[in-house]
Amino acid sequence: MAPRRKKIYEGKAKILYEGPEPGTLIQYFKDDATAGNGQRKEVFEGKGALNSRLSEFFMTGLNAIGVPTHFIRTLNMREQLVRQVEIIPLEVIVRNYAAGSMARRLGLDEGTQLPRPIVEFCYKADKLGDPLVPEEYIVAFGWASQQDLDDIVSLALRVNDFLSGVMHGVGIRLIDFKIEVGRIWDNDFPSLVVADEISPDSARLWDIATGRKLDKDVFRQNLGSLTDAYAEVARRLGVLPQGTTHHRIKPTLIN
Ligand code: 5GP
């Protein structure tokens with residue numbers, strides 16, 4: 001019997017397994033959704049496949065315009081082959097409109113347009129609730145160098161321009177999103193790439209015509225069906241995986 005593959009890491013929404021070649025990993029998208037730093041958890045059938053497909057779509061597009069990512073190729077409905085990276089322990093957030101923690105912190109109405117895209121950093125530490133940190137902390141504690149930070153900001157803003165444009169084309173406003181960045185080494189030469197995932201789990205996406213939320217806030221705020229919202233994003237982008245929504249026809253028992 002083939003040995004079970006080795007699990008490298010299990011997070012709230014994904015599992016990483018050892019890849020087929022050195023320097024690669026398999027990224028498995030779970031159906032789990034968590035909110036409040038893991039305090040609330042539910043399983044949504046089909047969410048993993050939708051996020052895998054959407055993340056593939058965004059990462060492939062980024063690769064095509066010269067924004068490097070960890071994505072190599074899709075293996076099946078919920079698994080991707082990705083490059084192994086050294087994750088920089090930061091959540092890199094780009095905001096175009098006030099929402100979520102920024103709206104709360106500054107007392108802004110959700111949806112207020114910001115004067116320009118704002119990039120902020122949170123230290124990746126679940127136990128601490130991923131606190132917002134200034135650049136000085138990041139450099140002083142050695143989580144990333146000043147040069148890394150400059151490169152991360154330009155990477156994040158390129159991702160923002162790409163995603164905003166793509167989403168605008170299908171009538172969706174990109175309010176904000178989070179990416180993670182990893183370091184890869186090619187012949188001792190380091191570079192930074194977009195890692196993890198880009199999906200409605202890690203972005204705020206509002207329908208431009210109606211203001212309907214099409215992202216994880218649907219779960220956080222109990223606004224209806226999470227998979228319906230994600231499927232709507234996938235449908236508009238023309239990447240809805242076949243048979244992954246809960247509307248699919250269930251097998252019928254034949255006597
Ligand atoms: P906020 O700071 O307003 O809660 O989040 C800003 C943006 O980053 C939102 O699009 C949110 O979904 C994303 N984000 C922030 N923290 C996390 C996290 O720990 N996991 C994921 N998946 N997304 C996050």
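Against the condition away from the ligand (no atom under 16 Å from the Cβ), in a strand (DSSP E or B), under 19 Å from F177 (Cβ atoms) and not β-branched (V, I, T), how does R116 come out, does it pass?
Numbers: away from the ligand (no atom under 16 Å from the Cβ): yes; in a strand (DSSP E or B): yes; under 19 Å from F177 (Cβ atoms): yes; not β-branched (V, I, T): yes.
When the stated conditions are applied, R116 passes them.
For residues that are outside any loop (DSSP other than H, G, I, E, B) and either more than 20 Å from I175 (Cβ to Cβ) or in contact with a helix residue (DSSP H, G or I) (Cβ under 9 Å, 6 or more places away or on another chain) (or both), tally how many sit in segment 78-96.
Looking only at segment 78-96, we keep the residues that are outside any loop (DSSP other than H, G, I, E, B), and these are 79-83, 86-87, 90-96.
Okay, now just the ones that are also either more than 20 Å from I175 (Cβ to Cβ) or in contact with a helix residue (DSSP H, G or I) (Cβ under 9 Å, 6 or more places away or on another chain) (or both), so 79-83, 86-87, 90, 92-96.
Summing the residues that are outside any loop (DSSP other than H, G, I, E, B) and either more than 20 Å from I175 (Cβ to Cβ) or in contact with a helix residue (DSSP H, G or I) (Cβ under 9 Å, 6 or more places away or on another chain) (or both) in segment 78-96 gives 13.
On the stretch given as segment 15-40, residues that are open to solvent by less than 60 Å² (accessible area, probe 1.4 Å) and either among the charged types (D, E, K, R) or in a loop (DSSP other than H, G, I, E, B) (or both) total 7.
So, in segment 119-145, of the ones that are within 13 Å of the ligand (Cβ to nearest atom) and of a type in the set (F, W, Y), which residue ends up nearest to Q39 (Cα to Cα)? Within segment 119-145, the match that is nearest to Q39 (Cα to Cα) is Y123. Test D217 against the stated conditions and say whether it is open to solvent by 10 Å² or more (accessible area, probe 1.4 Å), closer than 30 Å to L149 by Cα, modelled with pLDDT of 95 or more and within 16 Å of the ligand (Cβ to nearest atom). No: the conditions fail for D217. Listed by first and then second residue, the pairs linking a residue in segment 121-142 that is closer than 13 Å to I93 by Cα to a residue that is hydroxyl-bearing (S, T, Y), with Cβ atoms under 8 Å apart and 6 or more places separating them unless they lie on different chains, are Y123/Y137; D130/Y123; P131/Y123; L132/S101; V133/Y123. Quick check, is E86 open to solvent by 50 Å² or more (accessible area, probe 1.4 Å) and either within 13 Å of the ligand (Cβ to nearest atom) or within 24 Å of W185 (Cβ to Cβ) (or both)? Answer is yes for this residue.
Taken over segment 59-71, the criterion of being surrounded by fewer than 17 Cβ atoms within 10 Å (Cβ to Cβ) and of a type in the set (A, V, I, L, M, F, W, C) is satisfied by A64, I65. When residues in segment 140-169 are screened for being open to solvent by 30 Å² or more (accessible area, probe 1.4 Å) and out of contact with any Ser or Thr (no Cβ under 9 Å at 6 or more places or on another chain), 19 of them pass. Of all the criteria given as (1) under 19 Å from F57 (Cβ atoms); (2) open to solvent by less than 10 Å² (accessible area, probe 1.4 Å); (3) more than 11 Å from the ligand (Cβ to nearest atom), the one not satisfied by V94 is (3).
The values are calculated or read from the model by the stated rules, or taken from the named source; none is laboratory data. As the structure is a prediction and not an experimental result, all values here were calculated from the model. Virtual Cβ from ideal backbone geometry, glycine too; neighbours counted across all protein chains shown. Please note that ligands, DNA and RNA were not included when accessible areas were found on the heavy atoms of the full protein model with its side chains. Shrake-Rupley method; radii C 1.70, N 1.55, O 1.52, S 1.80 Å.
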